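The values are calculated or read from the model by the stated rules, or taken from the named source; none is laboratory data. Not measured: the values here are computed from a predicted model. Please note: Cβ atoms are built from the backbone with ideal geometry, for glycine as well, and neighbour counts cover all protein chains shown.
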């Protein structure tokens, strides 16, 4: 198995200090977010910001993690292409993709978060968006929902190695 390159523990502090130089108030913005002068000075002294903190610092700078890495001279992590090819996108999908590409980074990140949230809702709680299934009464729908929640709990207990609860008759 080929060896992986070690990922440096820190990322260059240069983009952060360039941001400070662009506007004297920027350092105060980071202070207000809870970053002390001593902490910021340590980053400069050590030559970088801990990789785990870059995302939060970048957010306070008004950019995302990848944009910070690019400013620091690092390539953002590569995104793998899907194994199965997509079908040819429709004209509407292309129009949406072009509009997305023209958005500010913060707006794109917001859209990604919203898509993720709606995806989770659609998979886990479809009735929140679509309502009860057609042709069913609310009583039947609620009974179905309660049974599904109970089945989910039983599966979780089984995964943890515990005995599922006994069904009441």
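Take the residues of the range 79-93 that are at pLDDT 70 or above and under 17 Å from residue 115 (Cβ atoms): which is nearest to the chain's Cα centre (by Cα)?
93
Confirm whether residue 28 is more than 22 Å from residue 73 (Cβ to Cβ) and either without any contact (Cβ under 8 Å) to a residue 60 or more places away in the chain or assigned by TED's automatic domain parsing to the domain that holds residue 106 (or both).
Spelling it out, residue 28 is indeed more than 22 Å from residue 73 (Cβ to Cβ) and either without any contact (Cβ under 8 Å) to a residue 60 or more places away in the chain or assigned by TED's automatic domain parsing to the domain that holds residue 106 (or both).
Write out, first by first residue and then by second, each pair whose Cβ atoms fall under 6 Å of each other, whose residues are 6+ apart or on separate chains, and whose first residue, in the range 35-46, is in contact (Cβ under 8 Å) with a residue 40 or more places away in the chain while the second is exposed (fewer than 13 other Cβ atoms within 10 Å of the Cβ).
Pairs found: none.
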